[in-house]
1. Just one of the numbered conditions (1) among the hydrophobic types (A, V, I, L, M, F, W, C); (2) loosely packed, with under 14 Cβ neighbours inside 10 Å; (3) free of Cβ contacts under 8 Å to residues at least 40 places away in the same chain is not true of Ala401; which one?
2. Output the residue which, of all residues in segment 67-92 that are within 16 Å of ligand 1 (Cβ to nearest atom), modelled with pLDDT under 85 and surrounded by 13 or more Cβ atoms within 10 Å (Cβ to Cβ), is farthest from Arg118 (Cα to Cα).
3. Collect the residues in segment 321-346 that are in contact with a Phe, Trp or Tyr (Cβ under 7 Å, 6 or more places away or on another chain), surrounded by 15 or more Cβ atoms within 10 Å (Cβ to Cβ) and farther than 18 Å from Arg412 by Cα, keeping them in residue-number order.
4. Going through Gly171, Gly145, Gly125 one at a time, which residue ends up being in the same structural domain as Asp233 (by TED's automatic domain parsing), free of Cβ contacts under 8 Å to residues at least 12 places away in the same chain and not hydroxyl-bearing (Ser, Thr, Tyr)?
5. Going by the conditions given, is Glu29 more than 12 Å from ligand 1 (Cβ to nearest atom), more than 30 Å from His265 (Cβ to Cβ) and not aromatic (Phe, Trp, Tyr)?
6. Going through Leu263, Leu271 one at a time, which residue ends up being at pLDDT 90 or above and buried (at least 16 other Cβ atoms within 10 Å of the Cβ)?
7. Of all strands (runs of 3 or more DSSP E) completely enclosed by segment 21-74, which ones contain at least 2 residues that are of a type outside the set (A, V, I, L, M, F, W, C)?
8. Looking only at segment 161-177, how many residues end up being surrounded by fewer than 12 Cβ atoms within 10 Å (Cβ to Cβ) and either within 17 Å of Ser134 (Cα to Cα) or hydroxyl-bearing (Ser, Thr, Tyr) (or both)?
Amino acid sequence: MLRDSEQTWTQQWVGLQATRDLADQFDDEALLLVFGKFNAGKSSFCNFLAERFAAHKRPVRYFHVEAGRIVETSEPFREGATETTSRLQGVCLGEKLVLLDTPGLHSVTPENAALTQRFTESADGVLWLTSSTSPGQVQELDELGRELHRNKPLLPVVTRSDEYDEDEVDGEIVKRLCNKSARRRALQEHDVRVRAREKLVAMGVDAALLEPPVSISVYVAREQEQTPEALADAGFGKLYAALLAIAEPALAYKRRKRAEILLHHLEENVLGRLQGDVLPLLGELDRSSQAALATLEHEQERIANAVWRGIVPTLPGLLDTYVAARDVKALCDTVSESVVEMFGREAERLLGDYVIAPEVSLARFELDDVADFDGIAVGHPGADGQVCEVAGIDFGRLHAALSNAIRECLLRLCSDAARRCRASIARLTALTRGLEEALKVHEEQLRELKRKVRSESV
Ligand SMILES: Nc1nc2c(ncn2[C@@H]2O[C@H](COP(=O)(O)OP(=O)(O)O)[C@@H](O)[C@H]2O)c(=O)[nH]1
Ligand SMILES: [Mg+2]
(Lines give C-alpha, C1' and ligand atoms only; values in the text may rest on other atoms or scores of the structure.)
(Ligands and ions follow the chains in the order given, each with its own letter.)
Protein backbone atom coordinates (compact mmCIF):
# COMPACT_ATOMS: atom_id res chain seq x y z
CA MET A 1 0.00 0.00 0.00
CA LEU A 2 2.82 2.37 0.88
CA ARG A 3 4.45 1.70 -2.46
CA ASP A 4 1.19 2.54 -4.30
CA SER A 5 0.75 5.63 -2.16
CA GLU A 6 4.17 6.91 -3.09
CA GLN A 7 3.17 6.92 -6.74
CA THR A 8 -0.20 8.50 -6.01
CA TRP A 9 1.45 11.24 -3.99
CA THR A 10 3.80 12.09 -6.81
CA GLN A 11 0.92 12.22 -9.29
CA GLN A 12 -1.16 14.37 -6.97
CA TRP A 13 1.72 16.78 -6.54
CA VAL A 14 2.32 16.97 -10.30
CA GLY A 15 -1.42 17.56 -10.70
CA LEU A 16 -1.12 20.60 -8.48
CA GLN A 17 1.41 22.13 -10.88
CA ALA A 18 -1.46 23.57 -12.93
CA THR A 19 -2.80 25.28 -9.84
CA ARG A 20 0.60 26.73 -9.10
CA ASP A 21 0.86 27.99 -12.71
CA LEU A 22 -2.53 29.63 -12.59
CA ALA A 23 -1.69 31.20 -9.25
CA ASP A 24 1.43 32.64 -10.90
CA GLN A 25 -0.68 34.18 -13.70
CA PHE A 26 -2.48 36.27 -11.10
CA ASP A 27 0.65 36.94 -9.19
CA ASP A 28 -0.13 40.56 -8.48
CA GLU A 29 -3.86 40.49 -7.77
CA ALA A 30 -5.98 39.36 -4.87
CA LEU A 31 -8.17 36.55 -6.19
CA LEU A 32 -11.46 36.37 -4.32
CA LEU A 33 -13.83 33.50 -4.79
CA VAL A 34 -17.47 34.60 -4.88
CA PHE A 35 -19.10 31.46 -3.64
CA GLY A 36 -22.72 30.65 -2.96
CA LYS A 37 -25.78 28.76 -4.06
CA PHE A 38 -27.58 29.32 -7.32
CA ASN A 39 -29.62 32.54 -7.03
CA ALA A 40 -27.62 33.79 -4.05
CA GLY A 41 -26.92 36.93 -6.09
CA LYS A 42 -23.31 36.22 -7.06
CA SER A 43 -23.49 37.46 -10.64
CA SER A 44 -25.45 40.57 -9.68
CA PHE A 45 -22.92 41.27 -6.96
CA CYS A 46 -19.94 40.98 -9.29
CA ASN A 47 -21.63 43.03 -12.00
CA PHE A 48 -22.56 45.76 -9.57
CA LEU A 49 -19.04 46.05 -8.20
CA ALA A 50 -17.80 46.16 -11.79
CA GLU A 51 -20.28 48.98 -12.49
CA ARG A 52 -18.92 50.90 -9.51
CA PHE A 53 -15.34 50.41 -10.67
CA ALA A 54 -16.31 51.54 -14.18
CA ALA A 55 -18.10 54.55 -12.69
CA HIS A 56 -14.79 55.51 -11.15
CA LYS A 57 -13.07 55.06 -14.53
CA ARG A 58 -11.24 51.99 -13.38
CA PRO A 59 -10.58 49.21 -15.92
CA VAL A 60 -12.93 46.22 -15.82
CA ARG A 61 -12.30 42.99 -17.73
CA TYR A 62 -14.67 40.04 -17.79
CA PHE A 63 -13.66 36.48 -18.62
CA HIS A 64 -15.14 33.03 -18.38
CA VAL A 65 -14.08 29.44 -18.66
CA GLU A 66 -15.31 27.68 -21.76
CA ALA A 67 -14.31 24.28 -23.10
CA GLY A 68 -11.58 24.21 -20.51
CA ARG A 69 -10.07 27.56 -21.62
CA ILE A 70 -10.18 31.13 -20.41
CA VAL A 71 -12.15 33.42 -22.76
CA GLU A 72 -12.15 37.20 -22.32
CA THR A 73 -15.38 39.07 -23.05
CA SER A 74 -16.80 42.55 -22.60
CA GLU A 75 -20.16 41.16 -21.55
CA PRO A 76 -21.16 41.33 -17.90
CA PHE A 77 -22.38 38.15 -16.23
CA ARG A 78 -25.91 37.02 -16.82
CA GLU A 79 -28.19 37.54 -13.88
CA GLY A 80 -31.26 35.60 -12.89
CA ALA A 81 -32.25 32.10 -13.78
CA THR A 82 -31.48 32.55 -17.48
CA GLU A 83 -28.26 30.57 -17.40
CA THR A 84 -28.59 27.07 -18.73
CA THR A 85 -25.11 25.78 -18.03
CA SER A 86 -23.20 26.91 -15.02
CA ARG A 87 -19.67 27.97 -15.56
CA LEU A 88 -16.94 29.75 -13.77
CA GLN A 89 -16.62 33.40 -14.71
CA GLY A 90 -14.41 36.14 -13.47
CA VAL A 91 -13.98 39.86 -13.55
CA CYS A 92 -10.79 41.83 -13.03
CA LEU A 93 -11.58 45.02 -11.15
CA GLY A 94 -8.83 47.59 -11.52
CA GLU A 95 -5.32 46.24 -11.25
CA LYS A 96 -5.42 44.46 -7.93
CA LEU A 97 -8.70 42.64 -7.55
CA VAL A 98 -10.18 39.64 -9.35
CA LEU A 99 -13.58 38.21 -8.47
CA LEU A 100 -14.30 34.62 -9.40
CA ASP A 101 -18.01 33.92 -9.71
CA THR A 102 -18.43 30.21 -9.27
CA PRO A 103 -21.52 28.07 -9.08
CA GLY A 104 -19.54 25.50 -7.13
CA LEU A 105 -17.72 22.49 -8.43
CA HIS A 106 -20.73 20.22 -8.51
CA SER A 107 -22.58 22.41 -10.96
CA VAL A 108 -20.00 22.85 -13.71
CA THR A 109 -19.76 20.67 -16.79
CA PRO A 110 -17.03 18.02 -16.67
CA GLU A 111 -14.97 19.72 -19.39
CA ASN A 112 -14.75 22.84 -17.24
CA ALA A 113 -14.32 21.04 -13.95
CA ALA A 114 -10.54 20.91 -13.99
CA LEU A 115 -10.05 24.60 -14.70
CA THR A 116 -12.79 25.58 -12.26
CA GLN A 117 -11.10 23.50 -9.61
CA ARG A 118 -7.80 25.17 -10.37
CA PHE A 119 -9.32 28.65 -10.10
CA THR A 120 -11.02 27.72 -6.87
CA GLU A 121 -7.73 26.47 -5.52
CA SER A 122 -5.92 29.58 -6.69
CA ALA A 123 -8.24 31.93 -4.84
CA ASP A 124 -6.71 33.88 -1.97
CA GLY A 125 -9.91 34.47 -0.06
CA VAL A 126 -13.59 33.59 -0.15
CA LEU A 127 -16.71 35.75 -0.20
CA TRP A 128 -19.58 33.55 0.81
CA LEU A 129 -22.84 34.95 -0.53
CA THR A 130 -25.88 33.86 1.41
CA SER A 131 -29.34 35.25 0.68
CA SER A 132 -31.08 37.18 3.45
CA THR A 133 -34.24 35.18 2.77
CA SER A 134 -32.58 32.25 4.60
CA PRO A 135 -29.08 33.30 5.50
CA GLY A 136 -26.37 31.11 6.99
CA GLN A 137 -27.00 27.72 5.40
CA VAL A 138 -23.61 26.66 6.66
CA GLN A 139 -23.67 23.20 5.08
CA GLU A 140 -22.79 25.06 1.87
CA LEU A 141 -19.36 25.62 3.38
CA ASP A 142 -18.61 21.91 3.20
CA GLU A 143 -17.74 22.40 -0.43
CA LEU A 144 -15.13 24.94 0.61
CA GLY A 145 -13.42 22.55 3.01
CA ARG A 146 -10.28 22.34 0.99
CA GLU A 147 -9.88 26.12 0.66
CA LEU A 148 -10.62 26.76 4.31
CA HIS A 149 -8.14 24.11 5.38
CA ARG A 150 -5.57 26.06 3.45
CA ASN A 151 -6.38 28.92 5.76
CA LYS A 152 -8.00 31.31 3.32
CA PRO A 153 -10.00 34.13 4.92
CA LEU A 154 -13.79 33.94 4.68
CA LEU A 155 -16.16 36.89 4.45
CA PRO A 156 -19.89 36.08 4.62
CA VAL A 157 -22.02 38.53 2.61
CA VAL A 158 -25.75 38.50 3.32
CA THR A 159 -27.23 39.35 -0.08
CA ARG A 160 -30.64 40.57 -1.15
CA SER A 161 -30.98 42.30 2.20
CA ASP A 162 -34.14 44.10 1.17
CA GLU A 163 -37.86 43.72 1.64
CA TYR A 164 -41.12 45.09 0.31
CA ASP A 165 -42.51 48.15 1.90
CA GLU A 166 -45.67 50.02 1.16
CA ASP A 167 -45.34 53.56 0.04
CA GLU A 168 -47.77 56.18 -1.00
CA VAL A 169 -47.19 57.66 -4.42
CA ASP A 170 -49.71 60.24 -5.64
CA GLY A 171 -52.29 58.97 -3.17
CA GLU A 172 -51.85 55.35 -4.27
CA ILE A 173 -50.30 52.57 -2.23
CA VAL A 174 -47.41 50.96 -4.09
CA LYS A 175 -45.08 48.17 -3.00
CA ARG A 176 -41.41 48.95 -3.17
CA LEU A 177 -38.22 47.05 -2.31
CA CYS A 178 -36.32 48.82 0.47
CA ASN A 179 -33.24 48.07 2.51
CA LYS A 180 -33.84 45.88 5.51
CA SER A 181 -33.53 47.90 8.69
CA ALA A 182 -30.15 48.26 10.37
CA ARG A 183 -31.50 46.23 13.26
CA ARG A 184 -32.67 43.36 11.05
CA ARG A 185 -29.34 43.38 9.28
CA ALA A 186 -27.40 43.33 12.53
CA LEU A 187 -29.45 40.38 13.78
CA GLN A 188 -28.88 38.41 10.59
CA GLU A 189 -25.19 39.22 10.52
CA HIS A 190 -24.84 38.07 14.10
CA ASP A 191 -26.73 34.88 13.40
CA VAL A 192 -24.62 34.10 10.32
CA ARG A 193 -21.47 34.83 12.27
CA VAL A 194 -22.36 32.47 15.10
CA ARG A 195 -23.35 29.67 12.76
CA ALA A 196 -20.35 30.09 10.50
CA ARG A 197 -17.99 30.09 13.44
CA GLU A 198 -19.53 26.87 14.76
CA LYS A 199 -19.27 25.34 11.34
CA LEU A 200 -15.60 26.24 10.96
CA VAL A 201 -14.84 24.72 14.34
CA ALA A 202 -16.76 21.59 13.37
CA MET A 203 -14.76 21.41 10.15
CA GLY A 204 -11.54 21.63 12.10
CA VAL A 205 -10.43 24.93 10.61
CA ASP A 206 -9.29 28.05 12.38
CA ALA A 207 -12.31 30.18 13.34
CA ALA A 208 -10.07 33.25 13.08
CA LEU A 209 -10.48 32.95 9.29
CA LEU A 210 -13.98 34.32 9.66
CA GLU A 211 -14.47 38.01 8.93
CA PRO A 212 -17.52 39.80 10.34
CA PRO A 213 -20.47 39.32 7.93
CA VAL A 214 -21.96 42.29 6.02
CA SER A 215 -25.42 42.74 4.51
CA ILE A 216 -26.07 44.38 1.16
CA SER A 217 -28.79 44.96 -1.34
CA VAL A 218 -27.59 45.22 -4.91
CA TYR A 219 -31.16 45.76 -5.96
CA VAL A 220 -31.73 48.85 -3.81
CA ALA A 221 -28.26 50.23 -4.57
CA ARG A 222 -29.00 49.99 -8.27
CA GLU A 223 -32.49 51.45 -8.04
CA GLN A 224 -31.33 54.65 -6.49
CA GLU A 225 -28.95 57.31 -7.51
CA GLN A 226 -25.62 56.05 -6.30
CA THR A 227 -24.68 58.74 -3.86
CA PRO A 228 -22.28 57.74 -1.08
CA GLU A 229 -25.19 57.89 1.37
CA ALA A 230 -27.45 55.67 -0.72
CA LEU A 231 -24.61 53.18 -1.25
CA ALA A 232 -23.87 53.18 2.47
CA ASP A 233 -27.57 52.55 3.24
CA ALA A 234 -27.55 49.59 0.88
CA GLY A 235 -24.60 48.18 2.83
CA PHE A 236 -21.80 49.09 0.46
CA GLY A 237 -19.92 51.34 2.87
CA LYS A 238 -19.45 48.37 5.16
CA LEU A 239 -18.82 46.05 2.26
CA TYR A 240 -15.95 48.18 0.91
CA ALA A 241 -14.43 48.31 4.39
CA ALA A 242 -14.82 44.54 4.69
CA LEU A 243 -13.18 44.04 1.28
CA LEU A 244 -10.25 46.16 2.39
CA ALA A 245 -10.11 44.20 5.63
CA ILE A 246 -10.11 40.82 3.88
CA ALA A 247 -7.49 42.03 1.42
CA GLU A 248 -4.87 41.91 4.13
CA PRO A 249 -5.23 38.23 5.12
CA ALA A 250 -5.91 37.38 1.46
CA LEU A 251 -2.61 38.94 0.42
CA ALA A 252 -0.88 37.26 3.34
CA TYR A 253 -2.30 34.00 2.07
CA LYS A 254 -1.11 34.85 -1.40
CA ARG A 255 2.44 35.30 -0.17
CA ARG A 256 2.47 31.85 1.39
CA LYS A 257 0.25 30.26 -1.26
CA ARG A 258 2.92 27.93 -2.62
CA ALA A 259 3.82 26.77 0.84
CA GLU A 260 0.14 26.35 1.67
CA ILE A 261 -0.49 24.21 -1.39
CA LEU A 262 2.47 21.99 -0.48
CA LEU A 263 1.48 21.89 3.19
CA HIS A 264 -2.03 20.98 2.29
CA HIS A 265 -0.83 18.29 -0.07
CA LEU A 266 1.35 16.81 2.66
CA GLU A 267 -1.43 17.07 5.18
CA GLU A 268 -4.38 15.85 3.15
CA ASN A 269 -2.84 13.48 0.65
CA VAL A 270 0.20 12.12 2.41
CA LEU A 271 -0.48 12.30 6.13
CA GLY A 272 -4.22 11.83 5.61
CA ARG A 273 -3.62 8.60 3.76
CA LEU A 274 -1.13 7.38 6.31
CA GLN A 275 -3.47 8.14 9.16
CA GLY A 276 -6.61 7.00 7.42
CA ASP A 277 -5.35 3.80 5.85
CA VAL A 278 -2.04 2.80 7.35
CA LEU A 279 -2.58 3.60 11.01
CA PRO A 280 -5.69 1.41 11.36
CA LEU A 281 -3.78 -1.43 9.69
CA LEU A 282 -1.01 -1.04 12.23
CA GLY A 283 -3.59 -1.17 15.01
CA GLU A 284 -5.07 -4.30 13.52
CA LEU A 285 -1.65 -5.86 13.29
CA ASP A 286 -1.06 -5.07 16.92
CA ARG A 287 -4.36 -6.58 17.95
CA SER A 288 -3.79 -9.78 16.02
CA SER A 289 -0.26 -10.01 17.44
CA GLN A 290 -1.65 -9.82 20.95
CA ALA A 291 -4.30 -12.37 20.10
CA ALA A 292 -1.64 -14.69 18.67
CA LEU A 293 0.42 -14.34 21.84
CA ALA A 294 -2.58 -15.28 23.91
CA THR A 295 -3.24 -18.49 21.97
CA LEU A 296 0.38 -19.55 21.68
CA GLU A 297 0.39 -21.78 24.78
CA HIS A 298 -2.74 -23.55 23.68
CA GLU A 299 -1.33 -24.15 20.20
CA GLN A 300 1.83 -25.55 21.73
CA GLU A 301 -0.19 -28.07 23.64
CA ARG A 302 -2.20 -29.05 20.60
CA ILE A 303 0.94 -29.67 18.60
CA ALA A 304 2.50 -31.79 21.33
CA ASN A 305 -0.67 -33.84 21.72
CA ALA A 306 -1.01 -34.39 18.00
CA VAL A 307 2.59 -35.56 17.66
CA TRP A 308 2.19 -37.74 20.69
CA ARG A 309 -0.91 -39.37 19.32
CA GLY A 310 0.83 -39.96 16.02
CA ILE A 311 4.01 -41.43 17.38
CA VAL A 312 2.85 -43.71 20.18
CA PRO A 313 1.09 -46.32 18.00
CA THR A 314 4.28 -46.75 15.96
CA LEU A 315 6.43 -47.59 18.97
CA PRO A 316 5.65 -51.34 19.27
CA GLY A 317 6.54 -51.90 15.62
CA LEU A 318 9.77 -49.96 16.00
CA LEU A 319 10.69 -51.83 19.13
CA ASP A 320 10.16 -55.12 17.31
CA THR A 321 12.32 -54.03 14.40
CA TYR A 322 15.20 -52.76 16.47
CA VAL A 323 15.20 -55.35 19.21
CA ALA A 324 16.21 -57.94 16.66
CA ALA A 325 19.19 -55.81 15.64
CA ARG A 326 19.73 -54.67 19.24
CA ASP A 327 20.46 -51.22 17.98
CA VAL A 328 19.25 -48.72 20.55
CA LYS A 329 20.96 -45.84 18.86
CA ALA A 330 19.21 -46.55 15.56
CA LEU A 331 15.93 -46.89 17.41
CA CYS A 332 16.37 -43.52 19.08
CA ASP A 333 17.41 -41.85 15.82
CA THR A 334 14.41 -43.21 13.97
CA VAL A 335 12.02 -42.10 16.68
CA SER A 336 13.73 -38.71 16.77
CA GLU A 337 13.34 -38.34 13.01
CA SER A 338 9.64 -39.17 13.15
CA VAL A 339 9.17 -36.72 15.99
CA VAL A 340 10.84 -33.99 13.96
CA GLU A 341 8.83 -34.80 10.89
CA MET A 342 5.49 -34.91 12.69
CA PHE A 343 6.30 -31.84 14.70
CA GLY A 344 7.16 -29.98 11.51
CA ARG A 345 3.86 -31.01 9.97
CA GLU A 346 1.76 -30.03 12.99
CA ALA A 347 3.64 -26.77 13.51
CA GLU A 348 2.99 -25.91 9.87
CA ARG A 349 -0.68 -26.68 10.36
CA LEU A 350 -1.21 -24.84 13.63
CA LEU A 351 1.47 -22.14 13.53
CA GLY A 352 1.61 -21.70 9.79
CA ASP A 353 1.80 -17.91 10.16
CA TYR A 354 5.30 -18.25 11.52
CA VAL A 355 8.38 -19.59 9.83
CA ILE A 356 9.62 -22.26 12.20
CA ALA A 357 11.63 -25.18 10.97
CA PRO A 358 11.99 -27.51 13.96
CA GLU A 359 15.44 -27.46 15.45
CA VAL A 360 16.57 -31.03 14.71
CA SER A 361 19.16 -31.16 17.47
CA LEU A 362 16.42 -30.63 20.07
CA ALA A 363 14.77 -33.89 19.02
CA ARG A 364 17.88 -36.02 19.51
CA PHE A 365 17.94 -38.22 22.57
CA GLU A 366 19.61 -41.25 24.01
CA LEU A 367 18.25 -43.82 26.41
CA ASP A 368 20.14 -44.54 29.55
CA ASP A 369 21.56 -47.98 30.29
CA VAL A 370 18.52 -49.36 32.06
CA ALA A 371 16.66 -49.66 28.88
CA ASP A 372 19.53 -50.95 26.80
CA PHE A 373 18.77 -54.20 24.95
CA ASP A 374 22.01 -55.73 26.15
CA GLY A 375 20.99 -55.46 29.72
CA ILE A 376 18.02 -57.60 29.17
CA ALA A 377 19.03 -59.96 26.40
CA VAL A 378 20.23 -63.33 27.63
CA GLY A 379 23.06 -65.20 25.91
CA HIS A 380 23.18 -68.98 26.02
CA PRO A 381 25.20 -71.68 24.26
CA GLY A 382 23.74 -73.10 21.02
CA ALA A 383 24.83 -75.59 18.38
CA ASP A 384 27.21 -73.14 16.71
CA GLY A 385 28.52 -71.69 19.89
CA GLN A 386 27.25 -68.76 21.88
CA VAL A 387 23.85 -67.51 20.71
CA CYS A 388 22.21 -64.44 21.90
CA GLU A 389 18.51 -64.70 22.45
CA VAL A 390 16.18 -61.92 23.08
CA ALA A 391 14.62 -63.53 25.93
CA GLY A 392 13.25 -61.59 28.83
CA ILE A 393 13.44 -58.20 27.26
CA ASP A 394 11.49 -55.79 29.32
CA PHE A 395 9.41 -54.11 26.61
CA GLY A 396 7.42 -52.29 29.19
CA ARG A 397 10.47 -50.57 30.61
CA LEU A 398 11.86 -49.77 27.20
CA HIS A 399 8.54 -48.39 26.07
CA ALA A 400 8.28 -46.27 29.17
CA ALA A 401 11.79 -44.95 28.71
CA LEU A 402 11.10 -44.11 25.05
CA SER A 403 7.82 -42.41 25.95
CA ASN A 404 9.56 -40.31 28.49
CA ALA A 405 12.26 -39.32 26.08
CA ILE A 406 9.68 -38.39 23.45
CA ARG A 407 7.77 -36.26 25.91
CA GLU A 408 10.89 -34.37 26.80
CA CYS A 409 11.75 -33.94 23.13
CA LEU A 410 8.35 -32.48 22.48
CA LEU A 411 8.67 -30.13 25.41
CA ARG A 412 11.97 -28.84 24.07
CA LEU A 413 10.68 -28.49 20.51
CA CYS A 414 7.50 -26.75 21.63
CA SER A 415 9.10 -24.27 23.94
CA ASP A 416 11.72 -23.50 21.31
CA ALA A 417 9.01 -22.90 18.71
CA ALA A 418 7.03 -20.74 21.12
CA ARG A 419 10.13 -18.74 21.97
CA ARG A 420 10.70 -18.09 18.29
CA CYS A 421 7.07 -17.15 17.73
CA ARG A 422 7.19 -14.71 20.62
CA ALA A 423 10.41 -13.25 19.29
CA SER A 424 8.90 -12.69 15.86
CA ILE A 425 5.79 -11.11 17.39
CA ALA A 426 8.04 -8.87 19.46
CA ARG A 427 9.94 -7.81 16.33
CA LEU A 428 6.65 -7.04 14.59
CA THR A 429 5.40 -5.06 17.56
CA ALA A 430 8.62 -3.07 17.71
CA LEU A 431 8.28 -2.34 13.99
CA THR A 432 4.67 -1.22 14.43
CA ARG A 433 5.57 1.02 17.34
CA GLY A 434 8.44 2.45 15.32
CA LEU A 435 6.13 3.30 12.42
CA GLU A 436 3.51 4.81 14.69
CA GLU A 437 6.16 6.82 16.46
CA ALA A 438 7.63 8.06 13.17
CA LEU A 439 4.18 9.06 11.98
CA LYS A 440 3.59 11.02 15.16
CA VAL A 441 6.95 12.78 14.90
CA HIS A 442 6.32 13.77 11.28
CA GLU A 443 2.82 14.93 12.07
CA GLU A 444 4.24 17.11 14.80
CA GLN A 445 6.91 18.47 12.46
CA LEU A 446 4.31 19.26 9.84
CA ARG A 447 2.20 21.10 12.39
CA GLU A 448 5.24 23.07 13.48
CA LEU A 449 6.06 23.87 9.86
CA LYS A 450 2.51 25.03 9.29
CA ARG A 451 2.63 27.22 12.35
CA LYS A 452 5.87 28.76 11.12
CA VAL A 453 4.65 29.34 7.56
CA ARG A 454 1.46 30.96 8.82
CA SER A 455 3.10 33.15 11.40
CA GLU A 456 5.91 34.36 9.14
CA SER A 457 3.62 35.67 6.43
CA VAL A 458 1.39 37.74 8.65
N1 LIG B 1 -34.32 41.47 -4.06
C2 LIG B 1 -33.12 41.33 -4.58
N3 LIG B 1 -32.89 40.47 -5.57
C4 LIG B 1 -31.63 40.32 -6.03
C5 LIG B 1 -30.55 41.04 -5.50
N6 LIG B 1 -29.41 40.65 -6.14
C7 LIG B 1 -29.80 39.73 -7.05
N8 LIG B 1 -31.11 39.52 -6.99
C9 LIG B 1 -31.93 38.62 -7.82
O10 LIG B 1 -31.63 37.30 -7.48
C11 LIG B 1 -31.65 36.46 -8.62
C12 LIG B 1 -30.32 35.73 -8.73
O13 LIG B 1 -29.28 36.62 -8.96
P14 LIG B 1 -27.91 36.18 -9.61
O15 LIG B 1 -26.98 37.30 -9.44
O16 LIG B 1 -28.11 35.66 -10.97
O17 LIG B 1 -27.58 34.98 -8.66
P18 LIG B 1 -26.46 33.84 -8.85
O19 LIG B 1 -27.19 32.64 -9.32
O20 LIG B 1 -25.91 33.63 -7.49
O21 LIG B 1 -25.45 34.34 -9.81
C22 LIG B 1 -31.90 37.38 -9.79
O23 LIG B 1 -33.24 37.30 -10.15
C24 LIG B 1 -31.56 38.75 -9.27
O25 LIG B 1 -32.32 39.75 -9.88
C26 LIG B 1 -30.82 41.96 -4.44
O27 LIG B 1 -29.96 42.65 -3.90
N28 LIG B 1 -32.11 42.06 -4.02
MG1 LIG C 1 -24.78 33.60 -11.61
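1. Among (1) among the hydrophobic types (A, V, I, L, M, F, W, C); (2) loosely packed, with under 14 Cβ neighbours inside 10 Å; (3) free of Cβ contacts under 8 Å to residues at least 40 places away in the same chain, the lone unmet condition for Ala401 is (2).
2. Glu83
3. Matches in segment 321-346: Val323, Arg326, Val328, Leu331.
4. Gly171
5. It is false that Glu29 is more than 12 Å from ligand 1 (Cβ to nearest atom), more than 30 Å from His265 (Cβ to Cβ) and not aromatic (Phe, Trp, Tyr).
6. On the way: Leu263 fails: at pLDDT 90 or above.
Selected residue: Leu271, the only one of Leu263, Leu271 that is at pLDDT 90 or above and buried (at least 16 other Cβ atoms within 10 Å of the Cβ).
7. Strands (runs of 3 or more DSSP E) meeting the threshold: 60-66, 69-73.
8. Looking only at that region, the number is 1.
The values are calculated or read from the model by the stated rules, or taken from the named source; none is laboratory data. Since the structure is predicted, the reported quantities are computational estimates derived from the model, not experimental observations. Cβ sites come from the backbone with ideal geometry, for glycine too, and all protein chains shown count toward neighbours.
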